[in-house]
Amino acid sequence: MTIRIQIAAGGAGEVRAETLIIPIARRGETPQRLPQGLGALDRRFGGRLSDALAPGDFAAGREDRLVIYGPKGGDLVRCILLGVGEADKIDDSVLRLLGGRVGRETGQENAGRVALVIPPGAGFGAERSAPRLAEGALLGAYQFDRYKTGRKQKKSKTRASLQLVYVRKVPSITRLRADLREAVQVTESQLLARDLSNEPPNSLYPETLARECRRMARSVGLRCRVMAVPELERRGFGAILAVGQGSVHPPRMIVLEHGATPKRKKAGTLALVGKGITFDSGGLSLKTASGMLEMKHDMSGAATVFGAMRAIALLDLPIHVVGVIAAAENMPSGTAYRPSDIIETASGQTVEIVNTDAEGRLVLADALHHATESFAPDAMIDVATLTGAAMMAFGRWATAGLGNDDDLLDELRAAGERTGETIWPMPLLDAHEKAMRSKVADWKNAGGRDAGISTAGAFLRGFVGETPWVHLDIAGTGMTATRTPLHCGGGTGVGVRMLTDWVRSRCA
Ligand code: BES
Ligand code: MN
Ligand code: ZN
């Protein structure tokens, strides 16, 4: 289901909708009152809105919700009061969460047209709140239901409508509409990343992931080049080939490119690299049944790069950006790569395989090397569901970040703070690299249980050369079983907003 979001300003008296939503902020212990400027609306409800708040039962906490039905025969069917907590604590993340709850309400079968009436006052300034509310609404309404037959499917075809109604006049509605449009473009790209991540592995494998990339690239004007096995062989991409060799679905290296013009290149070249394991069984170092359950999401890094590249193209950011996606399926079979195999990566460095379940760093080794050699980027970010250790350390609350350039990591952390996607730094020491050295090859692909995020990072560092680089481990944040106002469980699309924001910050 998609939501069409529109914006209006200058008074709520005339609103046409079946469902009204009014956010109510709390000011200390005093009983809540209907925000100013809503008198005309209250009269259309026969005074029931102010009546409902008068006894003081409604505490306006962030989970509080109160439905008030309109007078019989009136055009306003219901009004939903949503608590937003303390008035002076309304920040971007509170606005986004509120948007998420509004999105859920908008998606309800009976909701009809929905109008969110935004009262004047601190925290709800239009420039600041409209893009965040829109983001939240789209994220909150998202569902992955394309495989549900019957009733649900019919409903998902309908287009819900949400109007953001600012009670007070806003300085420039044109400007506001442009900001809203950009927020919608970025957030819809995040939803497409969720779709990719959620797609089952019998439908999404390297070849079909490449097809999706081509289709998306054509629709937004990106360049797209896909390397199939013969080219991977010719180029000596031995790592991604080894990981993919046990599957009936051969691997692909996918390159998306935005702004490949001399003028854009002058502003710089950035590379985004994504782990695209379309299913991670562990290979011959087989995972347990429960450990395998969420492994269709093991291409979430690729999904993030896909979404970010789409958003960057739609915003037409004035800089050259390359997206590299390393797509493979990690399966056990008679042709699968084995523990003890020694493979040669695209960089020429050799790796002793000690665990076929440490496959992500292998496909990334070839992808990072390719991005570095072919595009000489000024900065490179990789995004990957790389280690169970990142999930254990940070859960769904933070993405682990490390790299070879502290300033670059700071830039990404700042972008994540702006978009509500927390990145937490982890160490990358020379000692970690030592744990990844093999007796019989240049590297081994796993360094034991200790410091899993950092040892994986040390391995990746060996394939980026001198390029300023940051690795983001989204094993915890890229997928979640937990339902929140902003997601329904499954792939989250984490990083799409953050990377887009970071690339934008690089254009200045
Ligand atoms: N895709 C997994 C990491 C993962 C685990 C992501 C759980 C999300 C949830 C990765 O390929 C993997 O299997 N990593 C191993 C590496 C180990 C063998 C060195 C891990 O973390 O256990
Ligand atoms: Mn694995
Ligand atoms: Zn994996």
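List of remarks:
- Counted residues, segment 270-326 - those being more than 14 Å from ligand 3 (Cβ to nearest atom), small (Gly, Ala, Ser) and surrounded by fewer than 23 Cβ atoms within 10 Å (Cβ to Cβ): 2
- Restricting attention to segment 476-508, the residues being assigned to a strand (DSSP E or B) and polar (S, T, N, Q) number 2.
- Scanning segment 107-126 finds no residues that are within 19 Å of THR419 (Cα to Cα), in contact (Cβ under 8 Å) with a residue 24 or more places away in the chain and under 17 Å from the mean Cα position of the chain (by Cα).
- Only one of the numbered conditions (1) touching an Asp or Glu at 6+ places or on another chain (Cβ under 8 Å); (2) more than 16 Å from ILE474 (Cβ to Cβ); (3) more than 12 Å from ligand 1 (Cβ to nearest atom) is violated by ALA328, and that is (3).
- All positions within segment 355-392 that are surrounded by fewer than 19 Cβ atoms within 10 Å (Cβ to Cβ) and more than 13 Å from ligand 2 (Cβ to nearest atom): GLU373, SER374, ALA376, ASP378, MET392
- Residues located in segment 26-41, provided they are in contact with a Ser or Thr (Cβ under 9 Å, 6 or more places away or on another chain), surrounded by fewer than 18 Cβ atoms within 10 Å (Cβ to Cβ) and under 18 Å from LEU66 (Cβ atoms): ARG33
- A search for C-beta distances below 9 Å between a residue of segment 332-350 that is not assigned by TED's automatic domain parsing to the domain that holds LEU364 and in a loop (DSSP other than H, G, I, E, B) and any residue that is basic (Lys, Arg) and surrounded by 17 or more Cβ atoms within 10 Å (Cβ to Cβ), counting only pairs 6+ apart in sequence or on different chains, returns nothing.
- Selection within segment 254-305: residues that are of a type in the set (Val, Ile, Thr) and either over 24 Å from the mean Cα position of the chain (by Cα) or not assigned by TED's automatic domain parsing to the domain that holds GLU359 (or both). The member of this set that is nearest to ligand 1 (Cβ to nearest atom) is THR288.
- Among residues of segment 441-454 that are assigned by TED's automatic domain parsing to the domain that holds PRO425 and in a helix (DSSP H, G or I), those with a Cβ under 7 angstrom from a residue that is within 8 Å of ligand 1 (Cβ to nearest atom) and among the polar types (S, T, N, Q), sequence gap 6+ or separate chain, pair up as GLY452/THR387; ILE453/THR387.
The values are calculated or read from the model by the stated rules, or taken from the named source; none is laboratory data. Remember, it's a predicted structure, so these values are computed and weren't measured experimentally. When we count neighbours, we look across all protein chains shown, and the Cβ atoms used for this are built from the backbone with ideal geometry, even at glycine.
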